[in-house]
Amino acid sequence: MLKNEISRRNFSLFIELVLGALLAQGVCAQSTDNQKPASTPGKAASAAASKSSPTRYQPDRFAGRARTYYAAVWGVDALSVKAVESGELIRFSYEVLDPGKAKAINDKETEAFLVAPDAHAQLVIPTLEKVGKLRQSSSPEAGRSYWMAFSNPTRTVKKGDRVNVSIGQFHADGLVVE
């Protein structure tokens, strides 16, 4: 009984020592950070700026070569995919740079699909009775944005998913749903 009591005391003393050491280390590290002299003014200013205002880095939707490819071959730019209407529709939009090249994408007779490989889903453009297909199909004009909406009734495609858009011969792969 005496042996168990001594080992319990030793264990509690050990825990108190470890916690005390951790607390002291944290206090010392915090006080030394405040007392460190700046070695160079440029580094101090950049360190202060990085601590005061966080950056909101947002990478390009696709690589520079892909942007050049879509602009040169298909005459489109600013490709984006967004979940709208509480996720029941996925809207694909793009800006036309060259109307002649983008005509194939705007053709209403060409079937369009949105494929989500990770979700094992293939979405199509719904056709409504009075409205028709949820897709802009007028002749393209340079500088204008166009869109098409894909039906996602079971919400299998979600924000953050990578999807591929296929419109006839046009393929845009790896777009991220916003």
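Each reported figure results from applying straightforward, stated rules to the coordinates on display, with no laboratory input. From a predicted model like this one, the values you see are computed outputs, not experimental measurements. Quick reminder, even Gly has a Cβ in these numbers, built from the backbone with ideal geometry, and neighbours come from all protein chains shown.
Listing for the model above:
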item	result
Within segment 60-123, trypsin sites (Lys or Arg not before Pro) in DSSP loop having at most 16 other beta-carbon neighbours inside 10 Å	R61, K108
Loop sites in segment 87-131: chymotrypsin sites (Phe, Trp or Tyr not before Pro), DSSP, at most 16 other Cβ within 10 Å	none
Segment K158-K133, extension gain: residue separation times 0.36 nm, minus the distance between their alpha carbons	6.8 nm
Förster radius 30 Å - calculated FRET efficiency between Q122 and D77 (Cβ-Cβ, nearest 0.05)	0.70
Cleavage-rule hits (GluC sites (Glu not before Pro)) in segment 74-177: DSSP loop, at most 16 neighbouring Cβ within 10 angstrom	E85, E88, E109, E111, E129, E141
